[in-house]
1. ASN276 versus (1) crowded, with 16+ Cβ neighbours inside 10 Å; (2) within 30 Å of ALA354 (Cβ to Cβ): which is the lone unmet condition?
2. Being of a type in the set (Val, Ile, Thr) and in a loop (DSSP other than H, G, I, E, B) is the filter here, so list the residues in region 1-27 that pass it.
3. Residues of region 7-34 being modelled with pLDDT of 85 or more, of a type outside the set (Val, Ile, Thr) and loosely packed, with under 10 Cβ neighbours inside 10 Å, which ones?
4. Considering each residue of region 315-329, count those that are surrounded by fewer than 17 Cβ atoms within 10 Å (Cβ to Cβ) and either out of contact with any Phe, Trp or Tyr (no Cβ under 9 Å at 6 or more places or on another chain) or at pLDDT below 85 (or both), and give that number.
5. Can you say whether GLY210 is surrounded by 15 or more Cβ atoms within 10 Å (Cβ to Cβ) and among the small types (Gly, Ala, Ser), as far as the supplied structure shows?
6. Just name the residue that is surrounded by the most Cβ atoms within 10 Å (Cβ to Cβ) out of those in region 87-133 that are part of a loop (DSSP other than H, G, I, E, B) and over 37 Å from the mean Cα position of the chain (by Cα).
7. The conditions are (1) modelled with pLDDT under 90; (2) under 23 Å from the mean Cα position of the chain (by Cα); (3) surrounded by 15 or more Cβ atoms within 10 Å (Cβ to Cβ), and ALA382 fails exactly one of them. Which is it?
8. If I filter region 91-102 down to residues being modelled with pLDDT of 85 or more and in contact with a Leu (Cβ under 9 Å, 6 or more places away or on another chain), which single residue comes out as farthest from ALA64 (Cα to Cα)?
Amino acid sequence: TRKRIGAGQVVLFHVTANADWSTLPLSGLFVTMLERLSVSTRMSGISAEDLAGTVWTADQVLTAFGEIEYAGTLPGVAGERLAEGAPGPDMPPGLYAGEDRRIALNVAGPDTTLSAFAWPSDVPVLGLQVVDDTPLQGLFLSAALLALMIDVLATLWLSGRLSGGRAAATLLALAIALGAVPEAQAQEDADIDKILAAASEVTLAYIVTGDPSLDRVSEAGLRGLSNVLFRRTSIEPAQPVAVDLELDELSVYPFLYWPVTVDQPRPSSDAYARLNRYLRGGGLILFDTRDANTSAFGGTSPHGRKLQELALPLDVPPLEPIPSDHVLTRTFYLLQDFPGRHISRDVWVEAAPADAERIEGMPFRNLNDNVTPVVIGGNDWASAWATDVSGVPMYPVGRGFAGEQQREIAYRFGVNLIMHVLTGNYKSDQVHVPALLDRLGQ
């Protein structure tokens, strides 16, 4: 508990100094709590007179990217300057130590108002997304070949074997040809390398939406799911890749994650033709509207209407909510719910055949061996799966322990989904083994 007294405060930890009531005083957490209290001093309570004649040394500073790092050998700051509370090039925000005290110099105060900065028209504004490298080997090769041809033509010209008009026409034709062929060849080689890399390993892919921030979430989500598959199953996925529906070959990817955005452009007819071939060939697309926290599937949400527009040209079979005996509930883990960052039971898969019947003595129906071509929901699975390069979850899920349990179930759903893509209804076949052996015996 805390009580403000004058310009300060009194904080009481309701435990004894020993472990009679709690082991908190013996833990490292207690030390951390005390450290946070020691640096919670606000600049508003310190005047220039209090700091006059003192020198403060930066211990930790805040970088322009919001990261805390050690100050190194930064020069000391006069107490009068520190009391001003205005960070600058000579005094970056951070923690400053002097004598037996530490003072936190914040970037903004309680009265600071944030507003968008209006940049001049002649100042280019760039985002933080990483720009792909531009390959230059094709250009250098073209320049070398062009120089060689110019040398050959110059030699022929000096020897009198070419007329002026014929030489100019020949040189122009060669320049055009040499400028186009290497670039096309380089692009074709890059596409072939990407296809071979995806075909040699299990590779999870996500569809590019045109929103860089959302695409980064998709990549991080599939990276986290791939790491879980690697640790818990015999599947060893490669790094996830981005797929452009207009350009890339889809058949080498067993699984596509498609986050739906309201502003996402509709693919071309050629792209839909490739998508339909992909679905007929055994691929699976997970459509994620990411709006289960605000609306139910099938409603009139903008994301739901966009999903209907995007899926209209696809050869999607009849759908039904995942039944309790669907193979997705048991391909690796036994599941009853399929949460992501949001929780909703409205997850849809290919409907079972109308004549599917339960075999006597078996807990599940005798379904076909096909993999459902689509799974549709709005639970924002990528955000629940997403991890950074160190394996740390990037986005919060739920609250406290219940939230981490929800994230774990989301991972298990992802594992079941990929196992279903790769093994079909193998688990159902195993359940039916006694009946199959009995029939073989007959």
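The values are calculated or read from the model by the stated rules, or taken from the named source; none is laboratory data. None of these values were measured; they are calculated from a predicted model. Every residue, glycine as well, gets a Cβ built from its backbone with ideal geometry; the counts of neighbours run over all protein chains shown.
1. Among (1) crowded, with 16+ Cβ neighbours inside 10 Å; (2) within 30 Å of ALA354 (Cβ to Cβ), the lone unmet condition for ASN276 is (1).
2. Hits for region 1-27 are THR1, VAL15, THR16, THR23.
3. LEU12, HIS14
4. Residues flagged as surrounded by fewer than 17 Cβ atoms within 10 Å (Cβ to Cβ) and either out of contact with any Phe, Trp or Tyr (no Cβ under 9 Å at 6 or more places or on another chain) or at pLDDT below 85 (or both) within region 315-329 amount to 5.
5. no
6. ASP90
7. Among (1) modelled with pLDDT under 90; (2) under 23 Å from the mean Cα position of the chain (by Cα); (3) surrounded by 15 or more Cβ atoms within 10 Å (Cβ to Cβ), the lone unmet condition for ALA382 is (1).
8. TYR96
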